[in-house]
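The values are calculated or read from the model by the stated rules, or taken from the named source; none is laboratory data. This one's a predicted model, so the numbers in the text were calculated from it and none came from an experiment. Here the Cβ is made from the backbone with ideal geometry for all residues, glycine too, and neighbour counts use every protein chain on show. The protein model used for the area step is the full one, side chains on, heavy atoms only, and it has no ligands, DNA or RNA in it. Shrake-Rupley method; radii C 1.70, N 1.55, O 1.52, S 1.80 Å.
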Amino acid sequence: MSHKTNAARILDKGRIPYELKEYVVDESDLSAVTVAQKVGLSIEQVYKTLVARGDKTGIIVACIQGNHELHLKGLATLSGNKKVEIVSLKEVQPLTGYIRGGVSPIGMKRNYPVFIDLAVTKQKKISVSAGLRGLQLFLSPNDLISITKAQLGMISAPL
């Protein structure tokens, strides 16, 4: 079995069932579509984690389906902001402790507010990064919502 990440340790501590799935990383293609193919899930089950900054709340985290794009206005409304923007790539690691392609909504340096697209409720099992490139967590949407204390809303649109 592969190494335990901070996200996996948090799930263990919360007694939340999950599965870790390793895959070979292609540094030139970190897309969710590629991850879905490599771990054997539909793209609707693979969720990407995006870090944003609200004008009122500061840093927030969004999880959306891999084949969707973030709807900034929807995220702003849901999070109590007037305006939200994605943070720059160079800010991701200092803010979260994770690198691009390995950002997990679980176990960041700080507990930022998490917002997950409502479509997650249509899935029995989803996948999010385990906190390292090449390692995904499979878990139930309800468990992800619970462990991250996430709010649900319509925050994405198909690409």
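Solvent-accessible surface of region 9-159, averaged per residue with a 1.4 angstrom probe and all protein chains in place: 51 square angstrom.
Would you mind checking the pairs Lys21/Lys83; Lys38/Lys73; Lys48/Lys82; Lys4/Lys56; Lys21/Lys73; Lys73/Lys122 and listing those with alpha carbons more than 30 angstrom apart? In this structure, Lys21/Lys83; Lys38/Lys73; Lys4/Lys56; Lys21/Lys73 exceed 30 Å between Cα atoms. Can you show me the helix-derived [θ] at 222 nm for the chain, built from DSSP H runs with n ≥ 4 at -39,500 (n - 2.57) apiece and divided by the number of residues, rounded to the nearest 500. Helix-only estimate at 222 nm: -6500 deg cm²/dmol.
Two numbers describe the Cα atoms of the chain: Rg and Dmax, which are 14.3, 44 Å. Annotation for region 1-90: trypsin sites (Lys or Arg not before Pro) lying in DSSP loop with at most 16 further Cβ atoms inside 10 Å of their Cβ are Lys4, Arg15, Lys56, Lys82, Lys83.
About the Cα centre of the chain, what is the dipole size in debye to 20, counting +1 per Lys and Arg Cβ and -1 per Asp and Glu Cβ, all else neutral?
It works out to roughly 500 debye.
Taking the centroid of alpha carbons for each part, region 124-159 and region 11-59 are 7 Å apart.
Tally Lys/Arg at +1 and Asp/Glu at -1 over every other residue whose Cβ is under 15 Å from the Cβ of Asp29; what's the total? The answer is +2. Only Cα pairs under 8 Å and 6+ residues apart enter the sum, and on that basis the relative contact order of the chain stands at 28 percent.
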